[in-house]
Amino acid sequence: MKKILVPTDFSPYSQNALNYAIGLARDMGASLHLLHTYLVHASADMLISIERYIREDAERMMEDNRQWIHKQWPGHPPVTYDIIKGNAIPVIAGMADQYDLVIMGTQGASRFKDIFLGSTTNGVCKATETPVLAIPENARYRPLRKIVLAVDDYEVTGRNVLEPLIDLAELNDADIKIFHTDLGNTDLGVDPIIGMYLAGQDYSFHYAPATVKVNESIHTFVEAEKADMLCLIGRKRAWINEVFHRSVTRREVFQTEIPLLVLTDIAVITDY
C-alpha cells in the first residue's frame, strides 16, 4: 500500500483520521493525497461569491494540513490534494480506484451520523473496490498486535482480497484472529483456503455459536481479545449485509476505539 487517499471535511474526526494516516504512511513509506468535497447551497445571485469563499477557506485549511504533516513527518513524500465540488460519495469513490487504501474519519461534523460507520463512510465502502480504513473518534495510531478478521461462510476468492490485511500484519508483526459466528445447520464454516492465503502469518481460528446477533458476537470477541483492529470483507447480499444493515444497532458493534478495515471481494460484490 504505497498510495493512500484521505478524504477530509476538516472536522475533528477527519483530522484524527489524518493523524492516523500520517503514522501509517510514515511506517509504510506511502504517499498521502488529501481530498475535500463541497456543495454550494445558495440562490443563483449568491452562488459565485459563496463558492469562492468556500474554496478559499478550503485552500487555507488544506495548506494548514500540509504544514501539519510536514511538522509531524519531516522528509515525507510530496503531499498532494484536491478540492472538488460535488457529492462526497461518488467523488471519493471515483478517485479511490487510483489508490491502494482510503482512510476516513467517522462522525464528521457535517457528513457522518452519530454512529461509528457514518453514511459517507458506508457509502464509499459500497461504491469502491479499494480497501477502506475507518478511524473512529478516539483511535490513535499505534502498533497493531492483534487484528480480528471476522468472516462468514462464503469463500474468499483470492489472496489479493486479503493483501491489505497481510501488509498491515507484516508491518506490525501482528497476530490475525480469524473469527466466525456459526449460524446453525446451514452454516458451511470458514473457508479453509483462508489459512493458505495467510501462510507465513501468525493466525488462529476462533468460533462462536449464534446465540446472539452476529454483530454482538463480533463485538464480544473484539473486546475479549483487546484487538487493535477489526477487518471485514464486503460481499453481495451476504453476512456483511447484517452488519451494515440499517436495522442493526451499529452502535453496539462499532462504537469501539479501534479502526475498521473493510476489504472487498470483487468476485461477488455489487451491493451490501
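The values are calculated or read from the model by the stated rules, or taken from the named source; none is laboratory data. Here the structure is a predicted model, which is why all the values come from computation and not from measurement. Glycine gets a Cβ as well: all are built from the backbone with ideal geometry, and neighbour counts include every protein chain shown. Accessible surface areas use protein heavy atoms only, side chains included; no ligands, DNA or RNA. Shrake-Rupley method; radii C 1.70, N 1.55, O 1.52, S 1.80 Å.
How would the stretch 26-103 be classified by its alpha-carbon gyration tensor: rounded, prolate or oblate, with rounded meaning a/c under 1.5 and the a/b versus b/c comparison settling the rest? Could the numbers behind the result be given before it?
Working: a/c = 4.28, a/b = 1.67, b/c = 2.56.
Judged from the Cα gyration tensor, the stretch 26-103 comes out oblate (a/c at least 1.5, b/c at or above a/b).
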Once you place label points 7 Å from the Cα toward the Cβ at S11 and R52, how far apart are they in nm?
3.0 nm
Which of the aspartates and glutamates could a cross-linker bridge to K85, judged by Cα under 17 Å and excluding same-chain residues fewer than eight apart?
D9, E51, E56, D57, E59
Set the Förster radius R0 to 35 Å, insert the Cβ-Cβ distance between D202 and H41 as r into 1/(1 + (r/R0)^6), and round the FRET efficiency to 0.05.
0.10
Is there a quick way to get the dipole size of the stretch 133-228? I mean about its Cα centre, with the Cβ of Lys and Arg at +1 and of Asp and Glu at -1; what is the value in debye to the nearest 20?
300 debye
What spacing in nm lies between the two simple spin-label points modelled at I84 and N138, each 7 Å away from Cα in the Cβ direction?
3.4 nm
Run the accessible area of the stretch 144-218 with a 1.4 Å probe and give the carbon-and-sulfur part as a rounded percent.
49 percent
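Using unit Cβ charges (K, R positive; D, E negative) and no other charged atoms, how large, in debye to the nearest 20, is the dipole of the stretch 1-72 about its Cα centre? Intermediate results must be reported in sequence, preceding the final value.
On the way: 8 positive and 9 negative charges, 86 e Å.
Approximately 420 debye in magnitude.
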